[in-house]
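Inspection log for the structure reproduced underneath, given as structure tokens.
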Amino acid sequence: MMEKSLVVLTLVLSTNLSADVDLDMVNRIREHGFYNSQVMDTLQYLSDVIGPRLSGSPQLKEANEWTRDQLVDWGLENGHLEGFDFGRGWSYQSASIDLISPRQTSFHGIPVAWTPATKGTIEAEVIYVDAVTANELVRYRGQLRGKIVLLSEKRDLGTPDNDVFVRRESSDLTELTEFDIDRGPSHSRATAAQRDGRLQRYHFRRALSDFLSEEGAIAGVMSSSRDGGLIDVFGFDHRVGSTFSVPTMIIEAEQYNMIMRLIDLNQTPTLRMNLDSTFHDDDTNNYNTIAEIPGEGNNPEIVMVGAHLDSWHASTGSVDNGAGVAITMEAIRILAALDIKPKRTIRIALWAGEEQGLHGSYNYVKDHFVSRPKPIDETERALPRRYWSSPGWPIEKKSEYDKLSAYFNIDNGSGRIRGIYTEGNAAVKPLFKSWFGPFSDLAASTITLQATGGTDHESFDDVGLPGFQFIQDRLDYMTRLHHTHIDSFDHVMEDDVIQASTILAHFLYQAAMMDDRIPREPIPTGPSLRQLKKAAEEAARERRNRERTANRNLDTNPN
């Protein structure tokens, strides 16, 4: 009898949830999204006309203004840019690096962001600095003047992995549906040990910058962390007064390894470098692009959607995250074209500074939704925010906190939507299941309570606001495109971004029209007992590892 009652209850709940879905609007959204899409037009302009959009660069500001104007042209209101303090802008105009001794050949190199120009062509012998701590730098004192310094270790590239183009398998999606209590919803966030490692690298990089300057080194060279000729790029500190002291370039791992082998053969390699780069210090702000379809009434609730507009400088940033920008813009364009009259305001935010630590979304949340204290320790407070050991407590609500119903994010490449991460918010699972229903023919239905990290939804989720990132097909996002020099328009899957923008438009419409606000988890009041216990266990484990390493060093170097 009980089994029969549960079945009936399940059917009733399913029927009620389905009844909340506007099925006529589903057909209108599908028809317009599939057959009148402009998503690739938007992406091509961002990619080919504007190009790379490094945080703080003139090209990012151009993208801010173009996306704002485009959204307004589509009928959105309140289009504007919201600034936040970021640091120095930087761009580069040209870069070259060549081996000129013991033989001549041209290398493939891309600058590390926020490093200075060479101010013309330089030629110098190379020297390898084998150090990972400030104390280890001391042994190179007096050896670096006039030299180009190799700053990476030689890598063993091992057996190549040719399986670079991977779509998400059903087995992966099945694993996502299983919630691991031991890890909790935030298992993908950085652990205390990982934060300590990052902080150690940060302090070493500051010490290295000072040491290279004091010792008269004229440039640096680093190895790509990928192989097969791919160069993945990154940037050093962008804050005023903290940028790296010498021009530094990243070259292919295979080329870097060759230089290291030449050193082993006592061949004294010599390089020629020329890097033409510019710091932009006239405006230390970065900007988020904001626009909206207004909701009903004088003070409606808000549904937000976003993606990060900034990219790295190696290519045009079409996949990371031009695709996300184009998908979110297309979703809101579809709704504007259908002339919807939502109960809630639908607001789009295109974030800046994501690649350097979610700066755009963090500052937006801080300005609109919550306040929280900075670290008490002055030394920690002076660090970039990503190195703080803990966010401040307590979280204090601002007036807009209770107005936000949900935030939806796109930032996992150009793959089609396969589901959504709920970040442990179990109450939204039946709701999202009903919303995915009309799109089950497009293989979009996986709803996981697990979390995913590294995207702007974290800025919302971390303060108790419902923030969600969609599950997307992986394609070759992480295997060869993410932050590399081939992240271009050519590698975006048109059918996938059309599918994603259409499903996203449906989610935004349903969230804006539902009677009640989307369920949310309790506002965090501090680390949980489980998190504190895990942090203590990690710290003890790291302490034991350091002690074992020290003992091994004593055994091998008794003097």
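The values are calculated or read from the model by the stated rules, or taken from the named source; none is laboratory data. These numbers were taken from a predicted model, which means no experiment stands behind them. Cβ atoms come from the backbone with ideal geometry, glycine included; neighbour counts cover every protein chain shown.
Here is how the numbers come out for the structure above:
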quantity: Test: residue in the range 455-478 that is assigned to a strand (DSSP E or B), hydroxyl-bearing (Ser, Thr, Tyr) and at pLDDT 95 or above; calculated: no
quantity: Flag for Glu400 being closer than 24 Å to Phe236 by Cα, surrounded by fewer than 23 Cβ atoms within 10 Å (Cβ to Cβ), of a type in the set (Asp, Glu) and in contact with a helix residue (DSSP H, G or I) (Cβ under 9 Å, 6 or more places away or on another chain); calculated: no
quantity: Total residues in the range 218-246, condition over 27 Å from Thr479 (Cα atoms), crowded, with 20+ Cβ neighbours inside 10 Å and in contact with a Lys or Arg (Cβ under 7 Å, 6 or more places away or on another chain); calculated: 1
quantity: Residue match in the range 18-34 (condition: part of a helix (DSSP H, G or I), at pLDDT 95 or above and under 22 Å from Gly353 (Cα atoms)); calculated: no
quantity: Residues (under 24 Å from Met249 (Cα atoms) and not in a strand (DSSP E or B)) located in the range 267-283; calculated: Gln267, Thr268, Pro269, Asp281
quantity: Subset of the range 393-407 that is free of Cβ contacts under 8 Å to residues at least 60 places away in the same chain and not acidic (Asp, Glu) - its residue that is farthest from Pro524 (Cα to Cα); calculated: Ser399
quantity: Inter-residue pairs, beta-carbon under 9 Å, first closer than 15 Å to Asn274 by Cα and in the range 90-106, second of a type in the set (Lys, Arg), 6+ apart; calculated: Ser96/Arg272; Ile97/Arg272; Asp98/Arg272; Leu99/Arg272; Ile100/Arg272
quantity: Condition check for Met249: over 28 Å from Ala382 (Cβ atoms), surrounded by fewer than 19 Cβ atoms within 10 Å (Cβ to Cβ) and not acidic (Asp, Glu); calculated: no
quantity: Meets criteria (within 30 Å of His491 (Cα to Cα), among the hydroxyl-bearing types (Ser, Thr, Tyr) and assigned to a helix (DSSP H, G or I)) for Tyr287; calculated: no
quantity: Selected residue [of a type outside the set (Val, Ile, Thr) and either touching a strand residue (DSSP E or B) at 6+ places or on another chain (Cβ under 6 Å) or at pLDDT 95 or above (or both)] from Ala314, Ala382; calculated: Ala314
quantity: Test: residue in the range 292-313 that is under 28 Å from Ser96 (Cα atoms), buried (at least 22 other Cβ atoms within 10 Å of the Cβ) and in the same structural domain as Asp156 (by TED's automatic domain parsing); calculated: no
quantity: Selected residue [in contact with a helix residue (DSSP H, G or I) (Cβ under 6 Å, 6 or more places away or on another chain), touching a residue at least 40 places away in the same chain (Cβ under 8 Å) and more than 20 Å from Met513 (Cβ to Cβ)] from Ile410, Ile471; calculated: Ile410
quantity: Conditions (1) outside any helix (DSSP H, G or I); (2) surrounded by fewer than 17 Cβ atoms within 10 Å (Cβ to Cβ); number of the one not met by Arg261; calculated: (1)
quantity: Failed item, numbered, when Ile417 is tested on (1) under 26 Å from Pro519 (Cβ atoms); (2) surrounded by 20 or more Cβ atoms within 10 Å (Cβ to Cβ); (3) out of contact with any helix residue (DSSP H, G or I) (no Cβ under 7 Å at 6 or more places or on another chain); (4) not charged (D, E, K, R); calculated: (3)
quantity: Qualifying positions in the range 504-520 - aliphatic (A, V, I, L, M), in contact with a helix residue (DSSP H, G or I) (Cβ under 7 Å, 6 or more places away or on another chain) and surrounded by fewer than 24 Cβ atoms within 10 Å (Cβ to Cβ); calculated: Ile518
quantity: Single unsatisfied condition, Glu538 versus (1) in a helix (DSSP H, G or I); (2) within 20 Å of Phe460 (Cα to Cα); calculated: (2)
quantity: Gln93, sole failed condition from (1) loosely packed, with under 12 Cβ neighbours inside 10 Å; (2) of a type outside the set (Ser, Thr, Tyr); (3) farther than 29 Å from Ser57 by Cβ; (4) touching a Ser or Thr at 6+ places or on another chain (Cβ under 9 Å); calculated: (3)
quantity: Pairs with Cβ under 9 Å, 6+ apart, first in the range 355-371 and of a type in the set (Val, Ile, Thr), second part of a helix (DSSP H, G or I) and surrounded by fewer than 23 Cβ atoms within 10 Å (Cβ to Cβ); calculated: Val370/Tyr401
quantity: In the range 333-366, the residues that are among the aliphatic types (A, V, I, L, M) and either at pLDDT below 95 or over 30 Å from Val21 (Cβ atoms) (or both); calculated: Ala352, Leu358
quantity: Members of the range 241-258 that are among the acidic types (Asp, Glu) and either in the same structural domain as His483 (by TED's automatic domain parsing) or in a helix (DSSP H, G or I) (or both); calculated: Glu254
quantity: Among the residues listed as Asn266, Asn274, the single one being touching a residue at least 12 places away in the same chain (Cβ under 8 Å) and either in contact with a strand residue (DSSP E or B) (Cβ under 8 Å, 6 or more places away or on another chain) or farther than 22 Å from Asp85 by Cα (or both); calculated: Asn274
quantity: Residues (assigned to a loop (DSSP other than H, G, I, E, B) and more than 24 Å from Leu358 (Cβ to Cβ)) located in the range 430-454; calculated: Ala443, Ala444, Ser445
quantity: Glu215 being more than 30 Å from Pro527 (Cβ to Cβ), surrounded by fewer than 17 Cβ atoms within 10 Å (Cβ to Cβ) and either more than 22 Å from the chain's Cα centre (by Cα) or at pLDDT 80 or above (or both); calculated: no
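Conditions (1) modelled with pLDDT of 95 or more; (2) in contact with a His (Cβ under 7 Å, 6 or more places away or on another chain); (3) closer than 29 Å to Thr448 by Cα; (4) not in a loop (DSSP other than H, G, I, E, B), marked per residue:
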| position | (1), (2), (3), (4) |
| --- | --- |
| Leu144 | yes, no, no, no |
| Gly158 | no, no, no, no |
| Asn162 | no, no, no, no |
| Glu178 | no, no, yes, no |
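Residue by residue, here is whether (1) more than 19 Å from the chain's Cα centre (by Cα); (2) under 27 Å from Val26 (Cα atoms) holds:
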residue: Lys343; (1), (2): yes, yes
residue: Ala349; (1), (2): no, yes
residue: Asp367; (1), (2): yes, no
residue: Arg381; (1), (2): yes, no
residue: Pro384; (1), (2): no, no
residue: Tyr401; (1), (2): yes, no
residue: Asn409; (1), (2): no, yes
residue: Gly413; (1), (2): no, yes
residue: Lys429; (1), (2): yes, yes
